[in-house]
1. Name the residue, out of A:A282, A:A273, A:A227, that is small (G, A, S), crowded, with 24+ Cβ neighbours inside 10 Å, in contact with a Ser or Thr (Cβ under 9 Å, 6 or more places away or on another chain) and assigned to a helix (DSSP H, G or I).
2. If a residue must be more than 14 Å from chain B (Cβ to nearest Cβ) and either touching a Cys at 6+ places or on another chain (Cβ under 9 Å) or of a type in the set (S, T, N, Q) (or both), how many such residues does the stretch A:273-323 contain?
3. Say we look at the stretch B:232-257 and pick out the residues that are within 14 Å of B:L280 (Cβ to Cβ) and in a helix (DSSP H, G or I); which of these is most open to solvent (accessible area, probe 1.4 Å)?
4. State whether the residues of the stretch B:49-60 include one that is touching a residue at least 60 places away in the same chain (Cβ under 8 Å), under 24 Å from B:G167 (Cα atoms), part of a helix (DSSP H, G or I) and within 14 Å of chain A (Cβ to nearest Cβ).
5. With the checklist (1) in a helix (DSSP H, G or I); (2) more than 28 Å from B:V19 (Cα to Cα); (3) modelled with pLDDT under 80; (4) of a type outside the set (D, E) in hand, flag the one item B:A174 doesn't pass.
6. Of all residues being outside any helix (DSSP H, G or I) and either in contact with a Gly (Cβ under 6 Å, 6 or more places away or on another chain) or open to solvent by 10 Å² or more (accessible area, probe 1.4 Å) (or both) in the stretch A:117-134, which is nearest to the other protein chains (Cβ to nearest Cβ)? Just the residue, please.
7. Among the residues of the stretch A:40-49, is there at least one that is modelled with pLDDT of 90 or more, exposed (fewer than 15 other Cβ atoms within 10 Å of the Cβ) and of a type in the set (D, E)?
8. Does the stretch C:123-132 include one or more residues that are touching a His at 6+ places or on another chain (Cβ under 6 Å), at negative phi and open to solvent by less than 10 Å² (accessible area, probe 1.4 Å)?
Amino acid sequence: MTTITETTVAPTRLSWLTPNLLGVALLLLLGYGLVPWIGSDYLMDAVLTPFLALALAAIGLNVLTGYAGQVSLGSAAFLAVGAYAAYNLNLRLPSLPLLADIVLAGAIAAAVGIVFGLPSLRLRGFYLAVSTLAAQFFVQWALTKFGWFSNDNASGVIDAPVIRIGSLSFTSATGRYVFSLSIVAVATALTARLLASQIGRNFIAVRDHEVAAKVIGVPLLRTKLLAFGISSFLIGVAGVLWAFAYLRTVEPAGFNLDRSFQILFIIIIGGLASLRGAFIGAAFIVVFPLLLSRLGAALLGSVFDSGVLEMSQRIVIGALIIAFLIAEPRGLVALIDRAVAAARRLRSSQS
Amino acid sequence: MFDTQFLIEVLVGGLLSGVMYSLVAIGFVLIYKTSGVLNFAQGAMLLFAALTFVSLVERGTPFALALLATLAIMVALGITIERAVLRPLINQPPITLFMATLGLSYVIEGAAQLLWGTQVHGLEIGVSDIPFDIAGVFISRFDLFAAAVAGSLVALFTLFFRYTRTGLAFRAVADDQFAALAVGLRLPRVWAAVWTAAGIVALVAGLLWGARLGVQFSLSLVVLKALPVLVLGGFDSITGAIVGGLLIGAIEKLAEVYVGPFFGGGIEAWAAYVVALALLLVRPSGLFGQKLVERV
Amino acid sequence: MLLSALTTSLDVLALETWAPGTARQVLDTEPAAAPGAQVSGGPRAVLRLANISLSFGGLTALRDVDLDVAEGEIRAVIGPNGAGKSSLLNVVSGLYRPDQGEVWFGDHAFRQVPTAQLARLGVARTFQNLALFNGLSAFDNVLIGLAHRVHTGFIRQLVGSPAARRIEAENRAAAEEVIGFLHLQEVRDRIAGSLPYGLQKRVELARALVARPKLLLLDEPFAGVTLSGKQELAQHVRGARDRYGTTIVLIEHDIGIVMGLSDHIAVLDYGRKIADGPPAEIKTNQAVIDAYLGVAHEDETELAI
């Protein structure tokens with residue numbers, strides 16, 4: 001993991017005024033100004049909203065795994081904690097505004113994350129990865145077992161409330177997309193800021209050389225728990241989006257180990273320790289099955305049913321993970337950077 | 001009133017199902033010891049083996065021939081994995097290797113089901129599940145058979161590693177990769193042998209688990225049962241895998257029967273993890289794992 | 001004497017080629033910058049080891065080692081491979097707990113040095129095998145050497161409170177200063193892991209120096225560095241002492257380089273201290289010649305392979 005680095009964004013002050021910022025502004029302009037007017041409901045409902053929720057979850061996992069170097073296989077548990085916490089806050093404290101519910105849900109997820117992060121103080125590598133599985137199984141079990149969490153629904157299913165802020169309600173596909181976009185944009189900006197501060201440097205120090213970090217005076221305990229807390233907070237908020245803005249009806253089984261792996265795969269494919277990587281990876285994971293099903297149907301016709309689709313999807317995703325780890329451990333983001341650099345060189349050599 | 005006989009029955013049942021966990025865990029340990037890879041794909045390999053065998057038998061292949069064919073396929077699979085996945089990743093940090101095997105498990109699971117379909121297959125290996133009555137304690141015949149198979153497998157491996165050249169090389173590599181390289185051992189050959197061995201373990205475990213649960217996708221999830229076993233016993237100890245398996249099996253059953261009712265049941269899913277974690281906090285390398293001395 | 005004169009002139013040469021004009025200045029300021037050495041009644045010990053013993057299982061790494069390091073001196077600890085040098089440094093930085101004995105930093109005595117408090121105690125160290133944070137830029141690697149001074153919580157860092165901004169600005173200024181001092185400006189924004197070995201060593205030195213430690217521990221700083229690189233690095237080490245008044249303890253098995261660089265040399269052999277004195281004395285010490293120089297010869301042939 002130590003070799004995986006973000007080459008383009010070295011967090012110095014000057015990098016704030018680079019083309020990066022311009023690019024972000026342009027994307028936001030597109031996201032707010034263009035997509036809601038010309039995008040179809042299908043695009044926003046089935047592609048963009050889950051993309052945003054998964055991207056935020058991937059940013060959360062990236063903080064923990066990519067930056068702080070602590071591998072977690074239990075991300076879905078924190079998605080679930082966020083979703084169910086927001087549901088209960090909204091149900092039981094109706095006077096609280098929804099935004100407060102979301103922040104509190106994130107905080108609850110952070111608290112749970114810190115508890116399951118405690119073993120990281122003594123455990124490393126695989127042992128820690130295995131211990132995060134405990135979070136995965138425990139949370140899923142608790143949400144199914146105790147009816148209180150789902151307001152006594154027999155199978156733990158919850159129906160999301162309408163997203164309403166003040167007098168604005170976000171019920172349409174467009175509304176839910178815009179709501180998700182806003183939350184993700186704010187959360188990403190705050191995360192970027194945090195990663196550029198001393199805390200972000202501490203994360204990387206703990207990841208790259210724990211002993212040296214300790215000698216220098218980086219507080220290992222606080223840094224690791226902070227990584228777990230911030231990561232779980234972001235994943236928890238992503239869980240709220242997943243449940244409230246995307247699916248609208250969720251059950252504990254939806255937050256299973258496969259979901260955790262999916263988020264891990266997003267950051268491996270997109271690029272570890274990179275915020276852009278989280279978005280690129282999430283886009284890939286959302287769009288890829290759609291492309292594969294079109295392609296499969298076109299090539300093989302009726303043989304390519306949903307079972308075959310699911311299996312071939314597994315094979316391709318798994319193979320991609322291996323291929324990326326072997327050929328480009330820095331993920332899609334590095335490939336894109338390299339392509340851009342090559343294009344620039346080509347242009348400059350022509351002119 | 002406390003029922004001692006019932007306690008013993010639960011305990012023995014737990015220990016015997018623990019043997020099944022050990023069997024899966026041994027596959028992990030073999031690979032971890034020699035190459036430092038925690039092979040998450042062990043469960044997928046197990047599924048692949050069981051599914052291949054069952055499908056061959058269902059298509060009319062005689063039992064022995066199907067067994068041989070599956071064995072050959074597993075050996076080929078093991079060698080292919082070593083070539084295509086692990087060799088290019090040599091010298092990478094262990095966690096990268098782990099993630100690669102995670103990807104691998106997706107590939108193998110997908111391929112197995114694409115090849116043989118997703119329906120559930122029954123697997124009959126000719127051992128009935130009628131319980132024995134030993135001094136008033138009922139013990140499953142199948143569990144005993146499984147324990148015997150696991151036991152002989154372990155004995156076989158022990159003999160192999162003690163008395164063959166490849167076994168000696170294996171131990172040398174497990175002990176010190178660099179030293180082994182220095183004296184001219186060819187690591188890839190040892191690794192290929194180890195992955196082959198892991199494939200054989202996957203086949204045996206797959207058949208036993210398949211006979212117990214039916215051969216289906218969820219079979220690959222036994223990997224999740226094996227992980228706390230490994231944590232408890234230490235990733236690099238075969239003894240640890242066996243003892244850990246027995247302990248987890250016993251603890252799981254005892255917890256389910258005696259603690260479970262307080263939580264409304266279903267705690268099997270995580271009880272093992274909590275126990276393993278609690279132990280880890282005291283002994284960060286498990287019961288039998290090698291203590292890591294940090295060199296700076 | 002001849003040797004030291006030779007290395008000094010070599011150093012000047014090296015510095016002149018590296019940064020013209022600065023060599024004279026460094027040499028001029030040398031006496032004034034080591035104030036502790038001038039105090040009458042003997043300098044105070046910045047580091048003192050009392051009776052340190054350490055063993056791993058049955059293997060003895062250190063046996064009754066005493067060491068007194070005065071303020072402002074450069075002290076080398078040399079010895080053949082396996083003599084216990086690294087163990088000694090790891091005891092001083094708290095990574096190992098000695099079986100017996102105490103480590104003193106000024107007036108503070110420790111049975112086991114609390115590693116997490118090391119920076120606050122004014123002690124910094126480098127590592128034999130580079131221990132840079134490969135994912136950070138060279139500048140951020142240096143900046144993080146001041147991690148122990150950042151005591152603002154994450155909320156304040158997130159919103160950028162006045163205190164957080166002030167600390168960040170101070171730390172950046174300090175890092176810039178050291179970057180300038182060690183001539184790392186040109187690579188300051190490069191990712192540390194991508195730098196050539198010699199520069200990485202220098203970044204690590206900068207990271208250790210940025211907090212202006214009272215005591216700097218260097219673990220085989222010259223290992224794997226080219227001959228010209230060694231001279232340059234030696235000059236930086238001496239410059240660090242002269243500029244910041246830092247007391248330096250370095251361990252090394254290349255006896256040549258430390259002769260010209262250090263004020264005192266302690267020699268370890270099989271975990272025992274067999275000699276301790278000025279370079280000239282060490283060079284003629286029969287026990288050292290027997291125990292070390294013969295072995296050093298073998299080391300050279302080892303290196304040649």
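The values are calculated or read from the model by the stated rules, or taken from the named source; none is laboratory data. Model, not experiment: these values are computed from the prediction. Please note: Cβ atoms are built from the backbone with ideal geometry, for glycine as well, and neighbour counts cover all protein chains shown. SASA here: full protein model, heavy atoms, side chains in, ligands and nucleic acids out. Shrake-Rupley method; radii C 1.70, N 1.55, O 1.52, S 1.80 Å.
1. Being small (G, A, S), crowded, with 24+ Cβ neighbours inside 10 Å, in contact with a Ser or Thr (Cβ under 9 Å, 6 or more places away or on another chain) and assigned to a helix (DSSP H, G or I) holds for just one of A:A282, A:A273, A:A227, which is A:A227.
2. Residues in the stretch A:273-323 being more than 14 Å from chain B (Cβ to nearest Cβ) and either touching a Cys at 6+ places or on another chain (Cβ under 9 Å) or of a type in the set (S, T, N, Q) (or both): 3 in total.
3. B:L247
4. No, the stretch B:49-60 contains no residue that is touching a residue at least 60 places away in the same chain (Cβ under 8 Å), under 24 Å from B:G167 (Cα atoms), part of a helix (DSSP H, G or I) and within 14 Å of chain A (Cβ to nearest Cβ).
5. Of the numbered conditions (1) in a helix (DSSP H, G or I); (2) more than 28 Å from B:V19 (Cα to Cα); (3) modelled with pLDDT under 80; (4) of a type outside the set (D, E), the odd one out for B:A174 is (2).
6. First, the residues of the stretch A:117-134 that are outside any helix (DSSP H, G or I): A:122-124.
From the residues that got through so far, the ones that are either in contact with a Gly (Cβ under 6 Å, 6 or more places away or on another chain) or open to solvent by 10 Å² or more (accessible area, probe 1.4 Å) (or both) too are A:122, A:124.
Details: A:R122: 5, A:R124: 8 Å.
Filtering first and then ranking leaves A:R122.
7. Yes, there is a match, as at least one residue in the stretch A:40-49 is modelled with pLDDT of 90 or more, exposed (fewer than 15 other Cβ atoms within 10 Å of the Cβ) and of a type in the set (D, E).
8. yes
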